[in-house]
Amino acid sequence: MAGIRDLDSGKVYIGPEDPKLDKSIDTLNGDKPFEGTLAVTGPSFIGGHSGDARAALNVGTGLGDFVPSVTTRAIDAEGDLSVQGKFVHVGDTLETGDTQKTGDYNASGAITISGKVTCGSLASGLPKSFDIPHPNIKGYRLHHACPEGPEAAIYVRGKVSIDGVIELPDYWQNFVDKESITVQLTPVGAYQELFVDRIEYGKRVYIKNQAGGKIDAFYQVWANRADVSFDVEYPETDEHAQYRTTDI
């Protein structure tokens, strides 16, 4: 056993054999290859821990009379922490500040987020849906999916009568492509020869009855968002990676 040696050089070495590669020889003072470091060639245990040597370095919080200011904290790093390899975590994670990740994120459980979520693309090609307790049948749930199409469309719906004017929301003025506005009408009570007379500046829609009779109808008005555009069909290239919703 090599034991403890080279104390004069400023380094403590513990272990049954010399380290296979001591990088301090190159990274620290050449004349003192063991300058200011600790070399250990076996598993290390600090504080109270389980009986298993699960890692090369095993750290617990049981240190006799000493109690950390954060009682459950075994390691406190002031500065960057670099991990090369798999990172296994069991328990809660508390983070203060921004988190940047390169690569995929896979979760087998639920993810609850109380703040804003910004996504560059969707991580699944499955329908965008929601699932809630059934409002009428006890013990059942209700599952709905969102309509899908080759556009980022928005809509308003309601009922138009008497004057035949559909007032569109004020925020549509700079939000939608006015040339993309379409109108669907469903007469109420009886057949009516309804048609769209004109769309005025994207603010209101004028409906008329060709037969000159009353106007009483349900309506839906759809339009494309003016701030969103994308290629519906595209080759599998990095140029279009932001659109990709599945790796299939």
Inset, instruction - Using 0.36 nm per residue of separation minus the Cα-Cα distance, give me the extension gain between Glu148 and Lys86 in nm, one decimal. - result: 18.5 nm
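Subtract the Cα-Cα distance of Tyr155 and Ser108 from 0.36 nm times their separation in residues, and report this length gain in nm to one decimal. Intermediate values should be presented prior to the final figure.
Working: separation 47, 0.36 × 47 = 16.92 nm, distance 3.54 nm.
Extra length available between Tyr155 and Ser108 comes to 13.4 nm.
Please list the three semi-axes, largest first and in whole Å, of the ellipsoid equivalent to segment 153-224, using sqrt of 5 times the eigenvalues of its alpha carbon gyration tensor. All intermediate terms of the calculation are to be shown ahead of the outcome.
On the way: eigenvalues 101, 25, 18 Å².
Semi-axes (√(5λ), whole Å): 22, 11, 10.
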Legend entry - Residues Leu94 and Asp231, FRET efficiency given R0 of 45 Å [Cβ-Cβ distance, rounded to 0.05]: 0.65
Legend entry - Length released on extending from Asp177 to Ile132, taking residue separation times 0.36 nm less the Cα-Cα span: 12.8 nm
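Report the FRET efficiency, 1/(1 + (r/R0)^6), for Arg204 and Ile75, where r is their Cβ-Cβ distance and R0 is 51 Å, rounded to 0.05.
Working: r = 65 Å, r/R0 = 1.27.
Between Arg204 and Ile75 the formula returns 0.20.
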Inset, instruction - Would you pull out the residues with amide H under 5 Å of Ile46's amide H, same chain only if 5 or more places away, H placed 1.01 Å from N? - result: Asn58, Val59, Gly60
Legend entry - segment 76-89 - phi-based ³J(HN,Hα) in whole Hz, Karplus 6.51/-1.76/1.60, Gly and Pro as x: 10, 10, 9, x, 6, 10, 10, 10, 9, x, 6, 10, 10, 10
Legend entry - Inter-site label distance for Lys214 and Val165 at 7 Å from Cα along Cβ, in nm: 2.1
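None of the figures in this text is laboratory data; all of them are computed from the coordinates on show. All values reported here derive from a predicted model rather than from experimental measurement. FYI the Cβ positions are ideal-geometry reconstructions off the backbone, even for glycines, and counts take in every protein chain you see.
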